[in-house]
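Reviewing the structure listed below.
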Amino acid sequence: MPFPHIKIGRIVYIFQGLIFIHTIANQLITSYLRKVKSYKNINDPQRSFVAPFVDKHSGKNEFFAQIDQHINWDPIAEKIKLVYKKGLTDRGAKAYSPLLLFKMHLISIWYQLSDTQTEAMVYDSISALRFCGLTIEDSVPGHSTLSRFKKELVDHGVLKSLEKNFDAQLQSNNLSIQIGKGRIDAKILPSK
């Protein structure tokens, strides 16, 4: 026996203490991770080497940047999170941010696009990607994800009130949205 002065009982006691400490540490870490779990593609500090070049060439379409200047997204995001619970558990893959999905919904309204067309537009448009909080490396939610998101908000009766909240914020800035025909005509105008 390598340590004759240490009795087996003490070794067992030490191991039990280590297991207890490990269990407590695991519970604390799991509890912390539940609180800070982020959504897919959100708050990723790592950017690729192409991001500055993409940023440089995406400034032409100011529509989405103007929207972001005039809208406080926090109250909208909080209202969505009250009913849309995807991604808030520690199980499974990360979900897309509900605010990202709501912004895609707005794009579909402004440009009169189906969910499939909206998905394609966000993939194709750097300014739409940026408006949704995505980078060129991020995956874009599919049309079925967007459809399920909208259905859940409609089922809970909050989609129209969220749209009204958005419109009220625009109107408080004396602005409104002129609906586009296709992907090129939407623009922001002073309200009448």
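Each reported figure results from applying straightforward, stated rules to the coordinates on display, with no laboratory input. A quick note: this is a predicted structure, and the numbers were derived from the prediction, not measured. Every residue, glycine as well, gets a Cβ built from its backbone with ideal geometry; the counts of neighbours run over all protein chains shown.
Numbers at a glance
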item	result
Separation of the Ser139 and Asn72 label points, Cα + 7 Å toward Cβ, nm	3.5 nm
For region 110-192: rounded, prolate or oblate by the Cα gyration tensor [a/c cutoff 1.5]	oblate
Spatially proximal aspartates and glutamates relative to Lys94 (Cα-Cα < 16 Å; intrachain offsets below 8 disregarded)	Asp44, Asp138
